[in-house]
Amino acid sequence: MTVRSLLSVEDALRSILEQGMPVAEREPVPLRQAAGRVLAEDLAARRTQPPAPVSAMDGYAVRAGDIATPSARLRVIGESAAGRGFDGEIGPGQAVRIFTGAPIPAGADTVLIQENARAEGCEIVAGEASERGRHIRPAGLDFRAGEVLLTAGRRLTASDTALAAAMNHAALPCRRRPRAAILATGDELVSPGTEPGPDQIVASNSFAVAAIVEEAGGSVVDLGIAADDLAVLTERFTRARDGGADLLITLGGASVGDHDLVQRALIRAGMTLGFWQIAMRPGKPLMHGHMGHMQILGLPGNPVSAIVCGLLFVRPLVKSLGGDRTAADDPSEPAILAAPLPANDSRQDYLRARFVRGRDGLPQAVAGSRQDSSMLKALSNAECLIIRPPHAPPAQPGDACRVIRL
């Protein structure tokens, strides 16, 4: 009997992302709502910033040649403030009181900061020389009109929205958020707040997976809970496709038991199966396919398995569907082990772990003693996942590892 080789995590993710073509629809998004959205096209500045030379400090706008000698005296002829500049021109022996962000008056070529000037009536006495251009922000120091500052595929941050506002954009062209329909399956599930029967449990996975979808830039369509019934499941899957979902995520029922009907119902509804089962722990029963344009991810029913698969596969797929150019980026980072780990088998392991402070003061990762995939409390308390590659040899404290922060 030939044992089927399981797909690696890397190959599974590559296959999923190859299918995850970005949604085509675009929409204008007001700046106030643009943080977290993905830009659909390059964005160029509509103005120059600053539009003219401005002062970087409070002080006096002067001519550098007039304060080249010690204790030079200058007559103050006016004031320049942000939004209210001085209209005249500075001549020899003259100064204009100026404030940060105010336009530099014509004729001035430097700013004498107020700490280096002594006011005496309508005059000032310069305490030191100031070379030309000192404390002046030239026009276009930040950016110039026509310059592309934000590029397509960028997930917009709070700072990006401030930049776009300074570029004089009130709304930004963004891709539509990918729509992810989520369906929990199983006769044993009831909604939170409901009193479970003697053989039932409270459904929890969909809340974590929905949060992962939204954090990745998608919107969620909650299909609720479906019983283990082929007709019911087929109807929910068809509803998701016909309702315009870009991604269908099923929770549970993807394994090999007699009551695991999800794969059969999906194929009955028209799914083309991509793969099923991968070489990872937790999360081996992961399934991927598509039904027309709608991508499908079948996640395991165990809570930790579902959430780890959500982080590793749902999150990058939603990003890819949303046009986020970081979708395929490696989410892991280097770390140091604080405790020994045994040799690993043929599946890639994701161990729930916490950080402790090493002797050098730097954080080190230590795996929890219990790694059961049903234990949500342990996952909630974890700060990272330690990645153990297939066939990894025993590891000792101080050895290098890679982790995914939670």
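Taking residue 83, is it open to solvent by less than 20 Å² (accessible area, probe 1.4 Å), on the phi > 0 side of the Ramachandran plot and within 45 Å of the chain's Cα centre (by Cα)? In short, no.
Limited to the range 63-80, what total is found for residues that are surrounded by fewer than 14 Cβ atoms within 10 Å (Cβ to Cβ) and of a type in the set (A, V, I, L, M, F, W, C)? Total satisfying the criteria: 1. Cβ separations smaller than 6 Å between residues 6+ apart or across chains give the following pairs from the range 75-87 residues that are under 17 Å from residue 62 (Cβ atoms) and in a loop (DSSP other than H, G, I, E, B) to residues that are of a type outside the set (Phe, Trp, Tyr) and at pLDDT 95 or above: 85/103; 86/78; 86/80; 86/96; 86/105.
Among the residues of the range 348-406, the one identified as in contact (Cβ under 8 Å) with a residue 40 or more places away in the chain, open to solvent by 70 Å² or more (accessible area, probe 1.4 Å) and polar (S, T, N, Q) is 396. Has the range 21-40 got any residue that is within 30 Å of residue 332 (Cα to Cα) and polar (S, T, N, Q)? Among the residues of the range 21-40, at least one is within 30 Å of residue 332 (Cα to Cα) and polar (S, T, N, Q), which makes the answer yes.
Within the range 318-357, restricting attention to residues that are of a type in the set (D, E, K, R) and in a strand (DSSP E or B), which residue is nearest to the chain's Cα centre (by Cα)? By that ranking, first place goes to 333. Annotation note: of 316, 300, 331, the sole residue that is more than 27 Å from residue 262 (Cα to Cα) and touching a residue at least 24 places away in the same chain (Cβ under 8 Å) is 331.
Within the range 202-218, restricting attention to residues that are of a type in the set (Gly, Ala, Ser) and open to solvent by 40 Å² or more (accessible area, probe 1.4 Å), which residue is farthest from residue 183 (Cα to Cα)? Among residues in the range 202-218 that are of a type in the set (Gly, Ala, Ser) and open to solvent by 40 Å² or more (accessible area, probe 1.4 Å), the one farthest from residue 183 (Cα to Cα) is 211.
Among all residues of the range 27-45, there is none that is part of a loop (DSSP other than H, G, I, E, B), touching a residue at least 24 places away in the same chain (Cβ under 8 Å), surrounded by fewer than 19 Cβ atoms within 10 Å (Cβ to Cβ) and more than 19 Å from the chain's Cα centre (by Cα). Among the numbered conditions (1) open to solvent by less than 60 Å² (accessible area, probe 1.4 Å); (2) at pLDDT 95 or above; (3) closer than 30 Å to residue 54 by Cα; (4) part of a loop (DSSP other than H, G, I, E, B), the only one that residue 168 does not meet is (1).
Residues that are surrounded by fewer than 21 Cβ atoms within 10 Å (Cβ to Cβ), assigned to a helix (DSSP H, G or I) and touching a Phe, Trp or Tyr at 6+ places or on another chain (Cβ under 9 Å) within the range 267-310 comprise 268, 269, listed in sequence order. Scan the range 101-124 and give yes if some residue there is touching a helix residue (DSSP H, G or I) at 6+ places or on another chain (Cβ under 8 Å), β-branched (Val, Ile, Thr) and touching a residue at least 40 places away in the same chain (Cβ under 8 Å), otherwise no. Yes. From the list 323, 361, 310, 368, which one is at positive phi, of a type outside the set (Ser, Thr, Tyr) and out of contact with any Gly (no Cβ under 9 Å at 6 or more places or on another chain)? None of the others qualify; the one that does is 361.
Restrict the check to the range 306-317 and report whether at least one residue is more than 27 Å from the chain's Cα centre (by Cα) and of a type in the set (Phe, Trp, Tyr).
Filtering the range 306-317 down to residues more than 27 Å from the chain's Cα centre (by Cα) leaves none.
The answer is no, given that none of the residues of the range 306-317 is more than 27 Å from the chain's Cα centre (by Cα) and of a type in the set (Phe, Trp, Tyr).
So if I check each of 222, 199, 187, which one is open to solvent by 70 Å² or more (accessible area, probe 1.4 Å) and in a strand (DSSP E or B)? Criteria check complete, one pass: 222. Within the range 233-251, residues that are closer than 16 Å to residue 21 by Cα have Cβ atoms under 6 Å from residues that are in a helix (DSSP H, G or I) and of a type in the set (A, V, I, L, M, F, W, C) in these pairs: 246/321; 248/240, counting only partners at least 6 apart in sequence or on another chain. Taking residue 254 as meeting all but one of (1) assigned to a helix (DSSP H, G or I); (2) open to solvent by less than 60 Å² (accessible area, probe 1.4 Å), write down the number of the exception. Exception for residue 254: condition (1). Can you tell me which residues in the range 225-251 are part of a helix (DSSP H, G or I), open to solvent by 20 Å² or more (accessible area, probe 1.4 Å) and of a type in the set (A, V, I, L, M, F, W, C)? The answer is 230, 231, 232.
The values are calculated or read from the model by the stated rules, or taken from the named source; none is laboratory data. All values reported here derive from a predicted model rather than from experimental measurement. Note that each Cβ is placed from the backbone with ideal geometry, even for glycine, and that neighbours are counted across all protein chains shown. Heavy atoms of the whole protein, side chains included, go into the accessibility calculation; ligands, DNA and RNA do not. Shrake-Rupley method; radii C 1.70, N 1.55, O 1.52, S 1.80 Å.
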